[in-house]
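Step one of this worksheet: look at the structure below.
The values are calculated or read from the model by the stated rules, or taken from the named source; none is laboratory data. Computed from a predicted model, the values in this text were never measured in an experiment. Positions of Cβ are backbone-derived with ideal geometry, glycine not excepted, and every protein chain shown enters the neighbour counts.
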Amino acid sequence: MLTTYISSLMTVLQPLNLFMLFVCSMIGVVLGAIPGLSGGLGISLILPMTFALSADLSFCMLLGMYVGGISGSFIAAVLVGIPGSGASIATCYDGYPMTQKGKAAKALSIGITGSFLGTLVSVIVATLLSGAIADVALMLGPWEYFSLCFMAISLVVGLSRGSVYKGLLAAFMGVWLATVGADPVTNSMRFTFGNYNLFGGVPVVCMLLGTFALQMVATSYARGNMDMPEVNAGSLKGFGLTLRDFIVNAKTIIVSFLIGLWIGFLPGMGSGISNMVAYGQAKKMSKNPDEFGSGAEAGVWASEVANNASVGGAVIPLISLGIPGDGTCVLLLSAMTIHGLQPGPLFITQNTHLAYLILAAILVSAVLVFAAEILCKRWFPYLLKAPYHYLFSGILMVCFVGAFSSTTSMFSIYTMLFFGIIGVIMDIAEIPMSPLMLAYILGGNLETYFRRGVSYARGDMTSFFTRPVSCMFLLIGIYSLLSPLVKYLIRKYKTNPEKVV
Amino acid sequence: MKTFNKTYISGVICLMFAGWIIWQTGTIGERLVSNEPGPRLFPYISAIGIIVCSVLSMIFDGRKETAKRQYLTKDGWKRLGIMFAELIVFAIGIHLIGFLLTAIIMMMVLIMTLKEDKKIRLLFAISLSVGLSAIVYFSFTKVFVIPLPTGMLW
């Protein structure tokens, strides 16, 4: 393992790979820092550019964007009190009050160091664990894989904002979208209407660009919220952290790291949730919980360590099981399939070099981002002054190129526009997009494993429940879907026991 | 501005969509392999799932939905319409006159649309439109060797 890892690390350190990793990490930081944009958007924009590149270089670029995007999201949260993405919502609670008190330099240093520690240690854990988990996963059959996919989708539905019914509705739409094209078993054409562009299914890149980028730009412009408040940064010189800061906050850092790693590991849950949970836990553990919300350093540590620890956590199921740990990993999973790789438990065995390259690229990217952020900290306020009219125009142009180059056909551009409109309609109807995307990406596997499982069991569908591991995954998935209803009934029972039957 | 119950409207649209899926699924050719559920199973499951979730959403979420803040103002809807109209025109433009020329015009028009009341330096906007379009075009066609549309009118 060590020899392969070092070989992969050396590949990442080759001049071109390292240069592109650095460039994409920096673009990721910028996108992560600007509210409304994200590293995920960056991945969907550069994905079409990687078609003609080697898988090594492509994943260096994509992972740089991933790590940079999550790391950079604290910048706006600290400087203007608006999170760059969902990963840094909790950072706003104490990061911005610190800035208002003239401690912006220290808040930014905590964000930079917390992000670095979270990513670095979590990716080391991921490197050590992924192989072992993949070995266990190799003992599983189609029943267990079906149930695992079902559980991943259910967990995302259970956690999606708003109504669980709408989340589930989105998941069923995603499963239907995955059925478009040639049937994986009998090769029958489904919902293609004789259009050869649909024989291979709905183009995933067009769907991503339409629902991520187009929808975001169009609704931001329609809402007119494209101006940033003035930055009250004060002096941003100096590192601002001492060894004592690390010692005082050691418990918060360790607990937040473990929370971030675990939440990242769970399918579908990522940095957007881990930062909130870790913040809540840090507040509970604190001797002075009243200080939280008014500039407590522990609050910034908790949020930033946890959201970046989710990176390593999310990569573990991606590499070892082919299940994305968070929303951005859904994009990385689609990148794997676009590059002709087969995600799943065999991925590490069949693509050992690439699997460790992914982990090594995250590690190197974390170091590059840390060094660049420390050196460029004083210029962070300028990032937030980027004019949206230039930024959005460029993004839309790249979307058109990306969509066209995914299949070199005009059909892709029209598909992207169609999904842009669908994205807006779903936003209006408050139907969440993440369950749809995950169900679409995993839908093909879900169907193939189900049909394979039924076929192997000679038509017996109960085999999914009679096999213990499969049954366990199914029960977790079902519990995740039913838990809001159960909690509602318990709450209702507590308030009025006689009315609940 | 009159507000509609979004959950009821989206529920009805989803029910119609699920009905269409069921109708279309019936036309899929069945090539049965032994002990195998066949290609119609998952589309049917999706359609039934969409129906059940739409009905449950209308019952439980639709009732709760009050006159909350509207999604967009009247002006916002107008902007959204303009944005998508421009994007559709650009798509047709790429088809007719090719990527490079359309991209330059598209960048310029989008900058003018998105800037709203802000003052911009016209020369900078033109340079950016031409420069960025050219960089993207040559990166894709020469570096990544991915052909971009040249237009059917030329």
What helices (runs of 4 or more DSSP H) completely inside the stretch B:74-154 contain at least 3 residues that are at negative phi and touching an Asp or Glu at 6+ places or on another chain (Cβ under 8 Å)?
B:99-114
For B:A91, indicate whether it is within 26 Å of A:I421 (Cβ to Cβ) and in the same structural domain as B:W20 (by TED's automatic domain parsing).
no
Meets criteria (of a type in the set (A, V, I, L, M, F, W, C), more than 30 Å from B:I28 (Cβ to Cβ) and at pLDDT 90 or above) for A:A222:
no
Do we find that A:A355 is away from chain B (no Cβ under 14 Å) and closer than 27 Å to A:V315 by Cβ in this structure?
yes
All positions within the stretch A:184-218 that are surrounded by fewer than 22 Cβ atoms within 10 Å (Cβ to Cβ), part of a helix (DSSP H, G or I) and in contact (Cβ under 8 Å) with a residue 24 or more places away in the chain
A:N197, A:Q215, A:M216
Residues in the stretch A:129-142: is at least one within 14 Å of chain B (Cβ to nearest Cβ), in a helix (DSSP H, G or I), out of contact with any strand residue (DSSP E or B) (no Cβ under 8 Å at 6 or more places or on another chain) and within 30 Å of B:S46 (Cα to Cα)?
yes
Considering residues that are among the aliphatic types (A, V, I, L, M), over 25 Å from the mean Cα position of the chain (by Cα) and more than 7 Å from chain B (Cβ to nearest Cβ), the number found within the stretch A:384-416 is 0
Just checking, which of A:A372, A:A386 is on the phi < 0 side of the Ramachandran plot and assigned to a helix (DSSP H, G or I)?
A:A372
Looking at A:S58, A:S73, A:S130, which is the one that is under 27 Å from A:V248 (Cα atoms) and polar (S, T, N, Q)?
A:S73
I need every pair where a residue in the stretch B:111-127 that is in contact (Cβ under 8 Å) with a residue 24 or more places away in the chain and within 11 Å of another protein chain (Cβ to nearest Cβ) has its Cβ under 7 Å from the Cβ of a residue that is of a type in the set (V, I, T) and not in a loop (DSSP other than H, G, I, E, B), sequence separation at least 6 or different chains.
B:T113/B:I82
The conditions are (1) more than 8 Å from chain A (Cβ to nearest Cβ); (2) over 16 Å from A:L214 (Cβ atoms), and B:V89 fails exactly one of them. Which is it?
(2)
Counted residues in the stretch A:405-449 being more than 18 Å from A:F150 (Cβ to Cβ) and in a helix (DSSP H, G or I) come to 23
For the stretch B:113-134, give me each residue that is among the hydrophobic types (A, V, I, L, M, F, W, C) and surrounded by 11 or more Cβ atoms within 10 Å (Cβ to Cβ).
B:L114, B:I120, B:L122, B:F124, B:A125, B:I126, B:L128, B:V130, B:L132, B:A134
Within the bounds of the stretch A:443-465, is there any residue that is over 29 Å from A:V185 (Cα atoms), among the hydrophobic types (A, V, I, L, M, F, W, C) and more than 9 Å from chain B (Cβ to nearest Cβ)?
no
Residue count for the stretch A:171-183, restricted to those that are in a loop (DSSP other than H, G, I, E, B) and at the interface with chain B (Cβ under 7 Å from one of its Cβ atoms)
1
